[in-house]
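Bear in mind that the values in this text are calculations on the coordinates, not laboratory data. Everything numeric here is computed off the predicted structure, so don't read it as measured data. Cβ coordinates were reconstructed from backbone atoms using ideal geometry, including for glycine residues, and neighbour counts include every protein chain displayed.
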Amino acid sequence: MDVKKLSYFSDFAACPIAALGVLFVTLHASAPIHLPVFVAASLAGLIAWTLVEYLMHRFVYHRAPIIRDMHEVHHHQPLSYEGTPPLLSAILIGLFIYAPLLPFGSNVAGGAAVGMLIGYVTYMGVHHALHHLSPLPGSFLYALWKGHARHHYARKEGNYGVTSDIWDRVFRTTLDQHVPGSEA
């Protein structure tokens, strides 16, 4: 496996391991773990991830000069293995989610970080599937594929959400879903 592919796929293993590590730390820091708080914080982190995904894609990947240039490679070569540097997302979740929430307790901080990490892994998996698999027409993944294909090939910018279109709807950046050559 070449270095670019290794880097691309490394987060598929590293982020779930990071989530398990956060869970382990939370279990030891708050024995006994307060499960309702941890689960609620995890769900909040997962939902918050969808907003972070949208905002990052819209304002960082498409506007921040150096990152925009790297993201354009993905738009021109959608089957290439472009991604964030390994562990960068896990580190950023630790710095900007876990650490600031720690004063509210390890159940809240750990739960939110685990939810965000699960959201990020879901995003990576869905995004990879949209580019490298052939979703069945009528399936949920096919609907996501249509929206993401419009993001890549429309002349107008929009459809920044990959795992969900909720924020595109909220911020009115949803594009027409017709993809030339698609049946459904």
In the stretch 88-143, how many residues are free of Cβ contacts under 8 Å to residues at least 24 places away in the same chain, within 16 Å of residue 18 (Cα to Cα) and under 14 Å from the mean Cα position of the chain (by Cα)?
2
Step by step: first the residues of the stretch 21-39, then only those that are part of a loop (DSSP other than H, G, I, E, B) and aliphatic (A, V, I, L, M), then the one that is farthest from residue 152 (Cα to Cα). Which residue is that?
31
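Could you please let me know if residue 98 is closer than 22 Å to residue 129 by Cα and among the aromatic types (Phe, Trp, Tyr)? Even if it seems obvious, please write down each step before you answer.
Values: closer than 22 Å to residue 129 by Cα: no; among the aromatic types (Phe, Trp, Tyr): yes.
No; evaluated as a whole, the condition is false for this residue.
Out of the residues in the stretch 25-39 meeting the condition of being of a type outside the set (A, V, I, L, M) and over 18 Å from residue 90 (Cβ atoms), tell me which one is surrounded by the fewest Cβ atoms within 10 Å (Cβ to Cβ).
Step one: list which residues in the stretch 25-39 are of a type outside the set (A, V, I, L, M), which gives 26, 28, 30, 32, 34, 36, 38.
Then keep just the ones that are over 18 Å from residue 90 (Cβ atoms); that gives 28, 30, 32, 34, 36, 38.
Details: 28: 10, 30: 17, 32: 6, 34: 16, 36: 10, 38: 24.
Step by step, filter the stretch 25-39, then rank; the result is 32.
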Does the stretch 99-127 hold any residues that are aliphatic (A, V, I, L, M) and closer than 24 Å to residue 13 by Cβ, and which are they?
99, 109, 112, 113, 114, 116, 117, 118, 121, 124, 126
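For the stretch 118-140, give me the residue count where each residue is outside any loop (DSSP other than H, G, I, E, B), surrounded by 14 or more Cβ atoms within 10 Å (Cβ to Cβ) and not polar (S, T, N, Q). It would help to see each step written out before you state the result.
Residues of the stretch 118-140 that are outside any loop (DSSP other than H, G, I, E, B), as a first pass: 118-132, 140.
Okay, now just the ones that are also surrounded by 14 or more Cβ atoms within 10 Å (Cβ to Cβ), so 118-124, 126-131.
Checking which are not polar (S, T, N, Q) leaves us with 118-121, 123-124, 126-131.
Number satisfying all stated conditions: 12.
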Can you name every residue in the stretch 40-82 that is surrounded by fewer than 13 Cβ atoms within 10 Å (Cβ to Cβ) and outside any helix (DSSP H, G or I)?
63, 77, 79
I need the full set of residues from the stretch 144-170 which are surrounded by 14 or more Cβ atoms within 10 Å (Cβ to Cβ), in contact (Cβ under 8 Å) with a residue 40 or more places away in the chain and of a type outside the set (A, V, I, L, M, F, W, C), in order please.
152, 160, 161, 163, 164, 168
Of all residues in the stretch 1-59, count the ones that are more than 15 Å from the chain's Cα centre (by Cα) and free of Cβ contacts under 8 Å to residues at least 60 places away in the same chain.
14
